[in-house]
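Working notes, structure below.
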Amino acid sequence: MHSEMSPWANNHAVDIDRTFADFGIEPIGPVAERLPEIPPFISRKIVVGHRDYGLIADAIRNRTRFHVLTGFMPSGLPHLGHLMVMKEVVWHVEQGGCGYVAVADREAHAVRGISWEKCREYGKQYLQCLYALGFSGKTYFQSRNERVKDLAFESSIKVNFSDLQAIYGFGQDTSLGHAMSVITQVADILFPQLDAGPAPTIVPVGLDQDPHLRLTRDVAYKFRMFTVEDRGSHISARSKNAPEEALAAVHRAFPGSKKYEGHVDIPGAEYDRVQEVVRAIEIGHGGFGFFPPSSTYHIFMPGLQGGKMSSSIPESLFGFYEPDAAVKKKIMAALTGGRMTLDEQRRLGGEPDRCPVFLLNLFHMATDDAELAEIRRRCVQGELTCGQCKKETLERVRTFLREFREKMDEAEHLVEE
Ligand code: TRP
Ligand code: SF4
């Protein structure tokens, strides 16, 4: 019943190229070149796709306003698989973004049946991880944010059951609570613009969350009172559902413009300037003036055993507070991209790109590019045995855990009640 891209289907084996083509996600390479500095998650090809990231790259380069938001569902303790999105958020805050993080306790409760108490406990851990990674900005639990809940209600007016069916495969047996958690996520994604004013908003997520982005972009568009179109000889501000006074206000704002039934034509004006003025007028007349959210998509880190990484599969990952001996055991038992025999390994080399141990290094453990390149080289040229590689990886993991736990402890007081 769930479509292949359903956020709840736990299907990590989506074909990236096909998904990109089908849904209009674009490869991030070209647009990333507009950034003053390419972050490691892009240069290492972990973040691979985007929607409208150009708006964000330009905001970073031109130092204009933008927001960054993501959300975490507190259905269990945070783990390695959540770190990438957290790092993306932190990086965008460092680049000047106004940071927001939602704890999706409504979703965890409605979709996964997690008690409110557990939601609180897990949620705090997520926030602590974020602060440990250097986050600054606003955080909230969905269930405690009245403005998000009001915005969710307002958004719900723009969405009908057939939208939910088309996007998520919802049917007769889908609970209303599930639908409410979806619309709450829409509100999460739009919340920064409600809170701090309209601006491009980057939402770093895994590919599985794209349906929510599509829905939110649609809702953001439906909220708009005007569309602004470049007609070559003039800019046209066209009413979708703007009150007559708003249309008149646009006309007044641009001397020399011409007002028609349902639109105002503005010669000799700049597109961006018209957008900005129209947005302000919209807000002055009770609208939101939302930008459709931008998004980035990252690939998922595989589980250590080669399958999917999930807290329901203990051998797929190690926890941040797992005892040393257990961490060692899991890493030494991990699947590799190595060959059947040592001899073959020396002759043919290993296959790092399909090796969970290599990917663990690529994602988080080998932070120095030269070091990572050296692991790859030694692997491919057959110089490195998997046993040795795992030992070296374990050392990096130990260092990582030691430092991360320290930072987690220091961050504890930042997560307030
Ligand atoms: N649905 C997301 C998940 O399953 C959590 C989430 C809630 C979220 N609100 C969000 C993600 C807003 C991105 C943006 O993990
Ligand atoms: Fe993976 Fe390391 Fe073995 Fe290469 S040497 S396949 S990177 S474990």
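The values are calculated or read from the model by the stated rules, or taken from the named source; none is laboratory data. Small disclaimer: the values here were computed from a predicted structure and weren't measured. Using ideal geometry, Cβ is built from the backbone for each residue, glycine included, and neighbour counts are taken over all protein chains shown. Just the protein is used for accessible areas: all its heavy atoms, side chains included, with ligands, DNA and RNA removed. Shrake-Rupley method; radii C 1.70, N 1.55, O 1.52, S 1.80 Å.
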dims of segment 289-346, Cα set, principal axes, largest to smallest, nearest Å -> 63, 32, 17
In Å, the Kirkwood estimate of hydrodynamic radius for segment 135-259 over Cα pairs equals 16.9 Å
Hull surface over four for the Cα convex hull of the chain, reported in nm², is 22.4 nm²
Here, segment 264-365 modelled as identical Cα point scatterers in vacuum has Debye log10 I(q)/I(0) at q = 0.10, 0.15 Å⁻¹ of -0.54, -0.72
Diffing segment 189-195: the Karplus 3J(HN,Hα) column from phi (6.51, -1.76, 1.60, θ = phi - 60°), in whole Hz with x for Gly and Pro, holds 5, 8, 4, x, 6, 6, 6
To the nearest 10 degrees, the tilt of helix 146-156 (Cα long axis) against the first principal axis of the alpha carbons of the chain is 70 degrees
Note: segment 192-331, point scatterers on Cα, Debye, no solvent; log10 I/I(0) at q = 0.08, 0.13, 0.20 Å⁻¹ equals -0.40, -0.67, -1.13
For segment 250-345, averaging the sequence separation of alpha carbon pairs under 8 Å that lie six or more residues apart and dividing by its residue count, the contact order in percent is 14 percent
P(r) over all Cα-Cα pairs of segment 36-97, 10 Å bins from 0 to the longest distance, whole percent per bin, short to long, reads 19, 52, 24, 5
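Taking only protein heavy atoms into account and a 1.4 Å probe, give the accessible area per residue of segment 207-259 in Å².
Counting only protein heavy atoms, the per-residue value for segment 207-259 is 44 Å².
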If one builds a Gaussian network model of the chain from Cα atoms under 10 Å apart, the most fluctuating residue listed among 179, 196, 370 is 370
Contact order relative to length for the chain, counting C-alpha pairs under 8 Å separated by 6 or more residues, stands in percent at 16 percent
The distance between the Cα centres of segment 260-300 and segment 314-336, in whole Å, is 50 Å
Two pseudo-spin positions, 7 Å from Cα along C-beta at residue 409 and at residue 146, lie apart in nanometres by 4.0 nm
Distance in Å, no decimals, from the C-alpha centre of segment 19-38 to the one of segment 87-126 is 25 Å
Any residue on another chain or 5+ positions along whose placed amide H is under 5 Å from the amide H of residue 201 is listed here as 67, 294
Subtracting the Cα-Cα distance of residue 348 and residue 248 from 0.36 nm times their residue separation yields 28.7 nm
Residue 280 and residue 43 label points (each 7 Å along its Cα→Cβ direction) are spaced in nm at 4.0 nm
Expressed to two decimals, segment 325-417 has a Cα Rg over Rh, using the Kirkwood radius, of 1.10
Computed over segment 34-89, protein heavy atoms only, probe 1.4 angstrom, the accessible area per residue in square angstrom equals 37 Å²
Each label sits 7 Å from Cα toward the beta-carbon; between residue 258 and residue 416 the label points are separated, in nm, by 5.6 nm
Of every hundred units of 1.4 Å-probe accessible area on the chain, the number belonging to carbon and sulfur atoms, as a percent, is 51 percent
Using the Kirkwood radius over Cα pairs of segment 76-186, the Stokes-Einstein translational diffusion coefficient at 37 °C and 0.692 mPa s, in µm²/s and rounded to a whole number, is 214 µm²/s
Dividing the surface of the Cα convex hull of segment 77-140 by four yields a projected area in nm² of 4.2 nm²
Using alpha carbon centers only, segment 191-207 is separated from segment 391-417 by a whole-angstrom value of 28 Å
Taking N as the number of residues in segment 223-303, the ratio of its alpha carbon radius of gyration to 2.2 N^0.38 Å works out to 1.38
Under the helix-only model (-39500 (n - 2.57) for each DSSP H run of 4 or more, divided by the residues of the chain), the mean residue ellipticity at 222 nm, to 500 deg cm²/dmol, is -14500 deg cm²/dmol
Segment 10-126, Kirkwood Rh and Cα Rg, ratio Rg/Rh at 1.01
